[in-house]
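Below you'll find the structure, written out as structure tokens, and then a few comments.
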Amino acid sequence: MSAVVNGVYINGAWRAGHDVLDVINPATEEILAQVSVGDARAVTQAVDAASAACVGWSQSTGRERGALLRKVAQGVSEQREPLMRVQSHNSGKPLFEAGIDVDDVIATFEYYAGLAEALDAEQDRAVALPTDAFSARLRREPCGVVGLIVPWNFPMVTTAWKLAPALAAGCCVVLKPSEVTPLAELQLAQIIAAAGFPAGVFNLVCGTGLAVGAPLAADPRVAKISFTGSNAVGVQVMQRAAETVKGVSLELGGKSSLLVLEDADLDLALELACGGGFFNAGQMCSATSRVLVADSLADEFLQRLTARAEGIRVADPFADDVEMGALINRAQYQRVLAHIQRGVQDGARLLCGGERPAHLAKGYFIRPTLFTDVPLDSALWRQEIFGPVLCVRRFTTEAEAIALANDSDFGLVASVVSRNDETAARVANALQAGMVWINAPQVIFPQTAWGGYKQSGIGRELGPWGLATFQEIKHVIRSN
Ligand code: NAD
């Protein structure tokens, strides 16, 4: 194992922190790296640096900021392979999935570079008023120092969705990666450091939620916290932020549905069910972990889905034929197994999976797992599992399917499979979710918003909404 890596970057310089954390490879259970992480003292210093840098950075032009964001996109593109590898090593996800993550990061930085460049022409735009006695202009100004707190399931991606728009808006940032997966963010930070941002514009403090995330959410100089993670922590972040009336945006959990309507293409439905349930070993806020299938198709669908799930190759993320990798850590592995066990106790019928694959002695691997006959009031049906576990349920009418899908505390995404455009659109419009895919895999574009209804969060990332969340609106009115 190599030397301890500095996990604190403040005011343009790397530093050691106040503690050392082991980073584990989930596929081997071995220590991958050791990172020197910060605490409340580092957070204070990072916010000092960001506050000082804001004076100049907030006055920079959108064109200047856009140029730097393009450099980051270019740097990530040049480092594509090493970034993929570190992402797979640290997350346990197959290399091809890590490639999708890196491409998403590149697309996000490029997209927000474009929005930053377009800002200059928009600034000070005249506002039409109902009188000639006054004139008004509109300014969009950066909201100041922002704290970005991200989870472990899509490291670098959840970061890019916050970091690129925050920098595009002219904010100065303090980023806190997940303590479980800091390695990709550390590499991304090297690329940002090399791009030439003024010192203090971008700061990073690795560390635990309590040591780093909590003081960041509490610091009165931080104008906004953008958080992605669990509902339990999201609530705590919001409570801390409330004490100094900070803006918060929260991207939280989900319990989403895939609706297989009676005129669905069954092959496509099977493919989308596997993608929505087992990509990233099911550790997706957007997992379509409830599969609702029309009664007329259900027998064949269940039989074929079981065969497919049993055939999915669970393996080391670097194996040539890998289809599904490891779960993130021991805690998550045990949590998912406990959910499965409780599901059985609650009366759900296990069709396949539910245990570690026999051929893998080490690593946090769980076989793709299918349940049916899941009680509607069970934890399996209602709570986010965050593992490779799908619950399949039959429905008889379209209205029943919509009601089942909407009967959730969450409302992040949904998928609809139907050969009839009109039916699919009608169902999509009736679903309480921030994103609905029709006959499509879970593609996400920087141009389309990300975020959910109900307890899936507050606000939207990506698109112009992702930029607006880091801007204040100012109107200047004068007498003519
Ligand atoms: P988590 O809530 O445990 O941690 C998220 C981040 O918050 C980590 O960086 C953690 O260190 C930090 N944190 C922990 N305690 C904190 C505190 N008291 N104050 C401030 N920060 C604190 O979540 P996780 O386990 O890393 O990620 C999984 C969760 O993230 C799932 O619930 C999933 O649904 C959610 N998620 C949502 C989206 C989305 O876009 N909606 C995307 C990815 C993940």
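The values are calculated or read from the model by the stated rules, or taken from the named source; none is laboratory data. Keep in mind that what you see is a predicted model, and the values were worked out from it rather than measured. Here Cβ is always computed from backbone atoms with ideal geometry, including for glycine, and neighbour counts include all displayed protein chains.
Mind counting the residues in the range 435-452 that are crowded, with 17+ Cβ neighbours inside 10 Å and more than 14 Å from the chain's Cα centre (by Cα)?
2
Can we say PHE227 is in a strand (DSSP E or B), surrounded by 22 or more Cβ atoms within 10 Å (Cβ to Cβ), within 11 Å of the ligand (Cβ to nearest atom) and touching a residue at least 40 places away in the same chain (Cβ under 8 Å)?
Taking the combined requirement at face value, the residue satisfies it.
Please verify whether the range 59-67 includes one or more residues that are in contact (Cβ under 8 Å) with a residue 60 or more places away in the chain and among the charged types (D, E, K, R).
Yes, the range 59-67 has at least one match.
Sort through LEU327, LEU360 and tell me the only one that's crowded, with 17+ Cβ neighbours inside 10 Å and either farther than 18 Å from ARG290 by Cβ or away from the ligand (no atom under 16 Å from the Cβ) (or both).
LEU327
Look at VAL389 and say whether it is under 23 Å from the mean Cα position of the chain (by Cα) and either aliphatic (A, V, I, L, M) or under 19 Å from ASP346 (Cα atoms) (or both). Talk me through it step by step, then tell me what you get.
On the way: under 23 Å from the mean Cα position of the chain (by Cα): yes; either aliphatic (A, V, I, L, M) or under 19 Å from ASP346 (Cα atoms) (or both): yes.
Spelling it out, VAL389 is indeed under 23 Å from the mean Cα position of the chain (by Cα) and either aliphatic (A, V, I, L, M) or under 19 Å from ASP346 (Cα atoms) (or both).
Suppose we filter PRO441, PRO446 for residues that are modelled with pLDDT of 95 or more, touching a Ser or Thr at 6+ places or on another chain (Cβ under 6 Å) and in a loop (DSSP other than H, G, I, E, B); which single one remains?
That would be PRO446, the only listed residue that is modelled with pLDDT of 95 or more, touching a Ser or Thr at 6+ places or on another chain (Cβ under 6 Å) and in a loop (DSSP other than H, G, I, E, B).
With the condition being at pLDDT 95 or above and surrounded by fewer than 15 Cβ atoms within 10 Å (Cβ to Cβ), I'd like the strands (runs of 3 or more DSSP E) fully within the range 114-161 carrying at least 3 qualifying residues.
Output list reads 125-127, 134-142.
Would you tally the residues in the range 86-103 being in contact with a Phe, Trp or Tyr (Cβ under 8 Å, 6 or more places away or on another chain) and part of a helix (DSSP H, G or I)?
Qualifying residue count, the range 86-103: 5.
Kindly indicate which of GLY75, GLY99, GLY56, GLY12 is more than 30 Å from ARG140 (Cβ to Cβ) and outside the structural domain of ALA315 (by TED's automatic domain parsing).
GLY99
For the range 366-417, what are the residues that are in contact (Cβ under 8 Å) with a residue 60 or more places away in the chain, in a loop (DSSP other than H, G, I, E, B) and closer than 30 Å to ALA315 by Cβ?
ILE366, PRO368, GLN383, GLU384, ILE385, PHE386, GLY387, PRO388, LEU412
When only residues in the range 162-200 that are away from the ligand (no atom under 12 Å from the Cβ) and in a loop (DSSP other than H, G, I, E, B) count, which is surrounded by the fewest Cβ atoms within 10 Å (Cβ to Cβ)?
Here the answer is GLY196.
Listed residues VAL150, VAL222; which is within 14 Å of the ligand (Cβ to nearest atom), closer than 21 Å to ALA73 by Cβ and out of contact with any Cys (no Cβ under 9 Å at 6 or more places or on another chain)?
Numbers: VAL222 fails: closer than 21 Å to ALA73 by Cβ.
Only one candidate passes the filter, namely VAL150.
Find the residue count for the range 250-263, including only residues that are more than 10 Å from the ligand (Cβ to nearest atom) and either surrounded by fewer than 24 Cβ atoms within 10 Å (Cβ to Cβ) or among the acidic types (Asp, Glu) (or both).
3
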